Amino acid sequence: MSNFELPTPDPEALAHPQPLFKLLREVGPIVELEENDMVIVGGHDDVRHVLSHPDVFSSGVEAVSIGQVRPLLPLQIDPPEHKSYRKLLDPLFAPRRVALLEDQTRGLVRELVAKFVADGPGNFHDALSVPIPTTVFLQILGLPVERRDEFLELKDGIIRPPAQTREERVEMANATGQKIYAVLQEAIDERHEAPRDDLISNFLTAEVDGTRLTDEDVLDICYLFFLAGLDTVTASLDCMVAFLAQHPQQREELVADPSLIPHAIEELLRWETPVPGIVRITTQDTEISGCPVAAGRTVAVMIGSANTDERVWDDPDTVDFHRESNKHIAFGGGAHRCLGSHLARLELRVVLEEWHQAVPSYALPDGHELLYSRDLRSIENLELVW
Ligand code: HEM
């Protein structure tokens, strides 16, 4: 969900960012990166402060440029307008609505796990982390699953562009963005002709405070969904299974007692924080824990750091599936808190349940080094043996 870059491309730091986060907090409430005029915030309370004051720390369109021609809805529109969109979207992603997807999701997961076991051992990312969430998501949004590879390539053109410089990234994002708009406009046109039982049709007929969404609104909602829905659960699954492959005792606990899985998911969301940083822009001169921040500064909000801040977490560097309370902010906080969190939790739980039932014991191949991507954490080379 953001284009924030960790300051170092070192593979060890990408795999284990927590020491870097600690360093960040030790430097002070804010760290200024002069070369790109960015302010980094890593303390838990400061991160929460930023996220709960959207009037001062805006997530408006200036904050992140990812090929869009208008603000992404609802992410790049601040309260009070933001509230109308969430009023419309929240019921579609409420726990009760999402629970209806469990049987269908479990059927898909069982089928793909059985295939992976029969074909395996191999790459968990390719066999399960990519196809499961993307199939579920494309089906509910209403885009053709058989065009998944094409859609994933478009999503990666924005989130993980094979470009070196900032200018190249922006150029590639703009070109890819046009293609995403075209795909979505085609889907919208088809629903105007004949509505279906999917989210795009829902958006076209829904009303916000008595007014229908325009085609542009629906396009701007779907553009964000396209990026958020096709990447985050994949990345989270990769991180969680990579951790469990390397921590056999904790994995055995889950195998022995699957009711621990939801707790393990929360703790791994805290520890791994798959979306480590998000971005805001200051609308006025302000301060963060007494440090002045001028209007118009880009603020990188390190939720991964907040999730391991020793000032609020007991034993933050221990991954503990039995934590009494776990108020992590891996799904963000404040008005823009993740809309898809219940769907993500459902998918993660069903995959971890079915996977551990089928393959209770697994590991990385000897000497295999996992390569974590920059920006959003993900591991494409998640090879497993069992
Ligand atoms: C484990 C998986 C996921 C993680 C870790 C995650 C994380 C986040 C975070 C950190 C934010 C806050 C962004 C900000 O404030 O700048 C966010 C917002 C959002 N997420 Fe997720 N997300 C996940 C899954 C999903 C899924 C599956 C969907 C779609 C169905 C989704 C849709 C959204 C939307 C629409 C927003 C913007 C909400 C708003 O602005 O009101 N997310 N997500």
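By how many nm would the segment from Arg160 to Ala118 grow when fully extended, if each residue of separation counts as 0.36 nm and the alpha-carbon distance is taken off?
Full-extension gain reported as 12.0 nm.
Using θ = phi - 60° in the Karplus curve 6.51 cos²θ - 1.76 cosθ + 1.60, the 3J(HN,Hα) couplings for the stretch 10-16 round to 4, x, 5, 5, 5, 6, 10 Hz; x is entered for Gly and Pro. With contacts taken as Cα pairs under 8 Å at a separation of at least 6 residues, the chain carries a relative contact order of 30 percent. Using Cα pairs under 8 angstrom and six or more residues apart, how large is the relative contact order of the stretch 133-259, in percent? This gives 27 percent for the stretch 133-259. Near Leu143, once Lys and Arg are set to +1 and Asp and Glu to -1 for all other residues with Cβ below 15 Å from its Cβ, the sum equals -4. Taking amide H positions as placed 1.01 Å from N in the peptide plane, with prolines and chain starts having none, which residues 5 or more places from Gly120, or on another chain, fall under 5 Å of its amide H? Answer set, sorted by chain and number: none. Structure remark: mean-square fluctuation, Gaussian network model of the chain, C-alpha springs under 10 Å; the largest value among Leu23, Leu244, Leu75 belongs to Leu23. The H on the amide N of Leu73, modeled in the peptide plane, is under 5 Å from the matching H of Ile221, Leu224, each at least 5 residues off or on a different chain. Near Lys22, which lysines are there with a Cα under 28 Å away, not counting those fewer than 8 places off in the same chain? Output for Lys22: Lys327.
Each Lys or Arg adds one and each Asp or Glu subtracts one; over the other residues with Cβ under 14 Å from the Cβ of Gln104, this totals -4.
Could you compute the FRET efficiency for Cys291 and Glu252, with r as their C-beta to C-beta distance and R0 at 51 Å, rounded to 0.05?
0.65
Could you tell me whether the stretch 83-235 comes out rounded, prolate or oblate from its Cα gyration tensor? Rule is a ≥ b ≥ c as square roots of the eigenvalues, rounded for a/c under 1.5, then prolate if a/b exceeds b/c, otherwise oblate. Spell out each step's value before the answer.
Values: a/c = 2.02, a/b = 1.17, b/c = 1.72.
Taking the square roots of the gyration eigenvalues as a ≥ b ≥ c, the stretch 83-235 is oblate.
Only Lys, Arg, Asp and Glu carry charge here, each on its Cβ (+1 for the first two, -1 for the last two); on that basis the stretch 11-358 has a dipole of about 520 debye about its Cα centre. Ordering Asp45, Asp366, Asp238 by the number of other Cβ atoms within 10 Å of each residue's own Cβ, fewest first, gives Asp366, Asp45, Asp238. Put a dot 7 Å past the Cα of Glu186, heading toward its Cβ, do the same for Asp103, and the two dots end up 3.3 nm apart.
Quick note: the coordinates plus some simple rules give every number you see, no bench work behind them. Quick caveat, the model's predicted, so the values are computed rather than measured. A quick note on method: Cβ atoms are made from the backbone with ideal geometry, for glycine too, and the neighbour counts reach across all protein chains shown.
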